[in-house]
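To start, the structure under review is shown below, and the notes come after it.
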Amino acid sequence: MPSVIEAENLRFAYVRVPVLEDVSFRVDAGDYVGIIGPNGGGKTTLLKLLLGLEKGQGNIRLFGCPLEQFKQWHKIGYLAQKSPVSQSGFPVSAEEVVLMGLSDRHGSGVSLSELKQVHEAMQQTRTREYAGRIFHDLSIGQQQRVLLARALVSRPELLILDEPSTALDPESREMFFNLLGELNARRGVTILLITHDTGEVGKYISKFMYIDKTLVFYGTKEEFCHSQTVAEKLGAFAQHTIDHLHNHGRCPLGGACGEIKND
């Protein structure tokens, strides 16, 4: 599979305090990577480095192109942990928020092709019915799906999300993760997702990345299940709960996974 992201020896520090050290990995087209790790472990910083929002040391290639030379940002959709749109009180409609995601727009008018992309993204995220409503009048769950539509409007090949389910109610959270799973499985969108909702997202992702200032683990769910390093970090019960491969108390992979007792 062609690579979408190649990262080599990434390092970053705030005022000489190390945040990330010696992080190297590759993400292939069609991967769905769940990024986990403790608060303050550098997960958000890693995403910002990949997007060029922070400058560190090391090498990054996006779609085979060095980050410094990369121009095809329409290939990447990004949903930040805290969106400026959510924090501002500007009375903008949901449709206008989605339109903001077309970064290569020219002029003040909206073309028919652009409007088609907006409607397509809102249809995908089940937000079309909110198109004319003021964004800040929507619920948090509705706003988050509109912001996902904005990330999808340029029809990206790579979607990067930083804890997108924060503050969502259980029903909205399930709908959100189901939608991401569908985008990956049916449309082949490559996804990098920071999340604490590991039990919910574990059934969809193809790989886990564990970040704690360095790359503790990166591999498939099967490898995650067998990893002694992960077991030492999380504890065996948490390890199997997160990977979502356990079944009625026993991991179907057998071997090192052993048996898990449910309370």
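The values are calculated or read from the model by the stated rules, or taken from the named source; none is laboratory data. As the structure is a prediction and not an experimental result, all values here were calculated from the model. In this analysis, Cβ positions are derived from the backbone assuming ideal geometry, glycine residues included, and neighbour counts consider all displayed protein chains. Note: accessible area is taken over every heavy atom of the protein model, side chains too, but ligands, DNA and RNA are not part of it. Shrake-Rupley method; radii C 1.70, N 1.55, O 1.52, S 1.80 Å.
Here are a few things to note about the model shown:
- Residue 228-residue 137 pseudo-label distance in nm [points 7 Å out on the Cα-to-Cβ vector]: 6.1 nm
- Cross-link table 116/221; 71/116; 43/203; 71/221; 116/207, entries beyond 31 Å C-alpha to C-alpha: 116/221; 71/221; 116/207
- Taking 18 Å as the straight-line reach from the Cα of residue 75, the aspartates and glutamates in range (excluding those fewer than 8 positions away in the same chain) are 6, 28, 31, 104, 114, 120, 157, 162.
- Between residue 171 and residue 114, the modelled labels are 3.5 nm apart [label points 7 Å from Cα along Cα→Cβ].
- Solvent-accessible area of residue 78 with every protein chain in place, 1.4 Å probe, in Å² to the nearest 10: 60 Å²
- Shape call, region 124-172: gyration tensor on alpha carbons, a/c limit 1.5: oblate
- Using R0 = 22 Å, the C-beta based FRET efficiency linking residue 59 and residue 29 works out to 0.65.
- Taking amide H positions as modeled 1.01 Å from N, with prolines and chain starts lacking one, the residues under 5 Å from residue 32 and 5 or more places away or on another chain are 191, 206, 207.
- Protection proxy ranking, highest mean first, for peptides 16-22, 157-163: 157-163, 16-22, where packing is the per-residue count of other beta-carbon atoms within 10 Å, averaged.
- Multiplying the residue separation of residue 182 and residue 74 by 0.36 nm and removing their Cα-Cα distance gives an extension gain of 36.8 nm.
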